[in-house]
Amino acid sequence: MLERLLDESPFVAVFFYDEECSDCGAILEELENIDDEADMYGIDFVKISDEEAAQKYHILHTPALVYFRKRIPIIYEGDMTDDEKVLSWLTSQDVLEIKDEIEEVNRKMLDKLLDENDFVAVYFYENDCPRCDEVLTELETIDDEADNLDITFVKIRDTRYAKKYGISKLPAMVYFRRRFPSIYRGDLLNETEVLDWLQKNRYKHPELNLFMYAIGAVSVAFVGYTTFLVFCFHGNQQKAA
């Protein structure tokens, strides 16, 4: 059962326990408090009492919590009775990262990353899309370089969510700077150009452009209002004369 789940789901949290374990029941009760929320982040949460499976993944003592990201296991070393800390660990960026691979996220995880990171590059793609797979292969060659620029690079397979940002055709790349989105208009198969675009956007300040636009708009409004007052003043003087 576990092997099938690991084949089908990219993110699986597994609670290994023993039927004779006196602490396991209390820990399991705490972990069940975050089961629904973990599911919202795309994490399947299961429990298993199987000595053979535990040995396969080098679990020497139970209870134990293991998080599998595309079958790559990482063991939780913290307090399993603190459900909030466990959830924070499961959804943390450090745990999410897989070396030399652009991490898969869902809507809720992406929203969390946008809240926690100033610079996020998002690759939108869809199923049964050969071009999407081809582009992804190229983009994964610049994942480390993006990380060196302090840019979080993730991918999401969600066509409906892509439309939220005005994307009607996939694959597509969107760069978020403090949640300000910019859509890449170039060739996604040219990873050098994509990296150059990310680097240039990394040091741009679109929020300053909006600020200057606002200042300009206020100035124009002020000039217009002043002209209106002068016109009214002269009109009243002419009537008085």
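Just so you know, all these numbers are worked out from the coordinates, no wet-lab data involved. Only a predicted model underlies this, so the values are computations on that prediction, with no experimental measurement involved. In this analysis, Cβ positions are derived from the backbone assuming ideal geometry, glycine residues included, and neighbour counts consider all displayed protein chains.
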Percent antiparallel among DSSP beta bridges confined to the range 2-96, rounded to 5, stands at 65 percent
Rg (one decimal) and Dmax (whole number) from the Cα set of the range 2-96, in Å, equal 12.3, 35
Per the rule of 0.36 nm per residue minus the C-alpha distance, extending HIS58 to LYS85 adds in nm 7.4 nm
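Select from the range 1-62 those GluC sites (Glu not before Pro) which occupy a DSSP coil region and have at most 13 other Cβ atoms within 10 Å, ordered by residue number. Write out the running numbers ahead of the final one.
On the way: sites: GLU3, GLU8, GLU19, GLU20, GLU29, GLU30, GLU32, GLU37, GLU51, GLU52; in loops: GLU19, GLU20.
Taking the range 1-62 and a limit of 13 other Cβ atoms within 10 Å, the loop GluC sites (Glu not before Pro) found are GLU19, GLU20.
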Listed by chain and number, the residues whose amide H is under 5 Å from that of PHE45, excluding neighbours fewer than 5 places away on the same chain and using placed H, are ALA13
Taking a straight Cα-to-Cα line shorter than 13 Å from LYS169, and setting aside same-chain aspartates and glutamates fewer than 8 residues away, one finds GLU126, ASP158
Given a Förster distance of 41 Å, the FRET efficiency implied by the Cβ-Cβ spacing of GLU3 and TYR203, rounded to the nearest 0.05, works out to 0.30
Taking a straight Cα-to-Cα line shorter than 27 Å from LYS164, and setting aside same-chain lysines fewer than 8 residues away, one finds LYS108, LYS112, LYS155, LYS200, LYS204
Per the charge dipole of the range 2-96 (beta-carbon charges, Lys/Arg positive, Asp/Glu negative, Cα centre), the residue among ILE72, ALA26, ALA13 reaching farthest to the positive end is ILE72
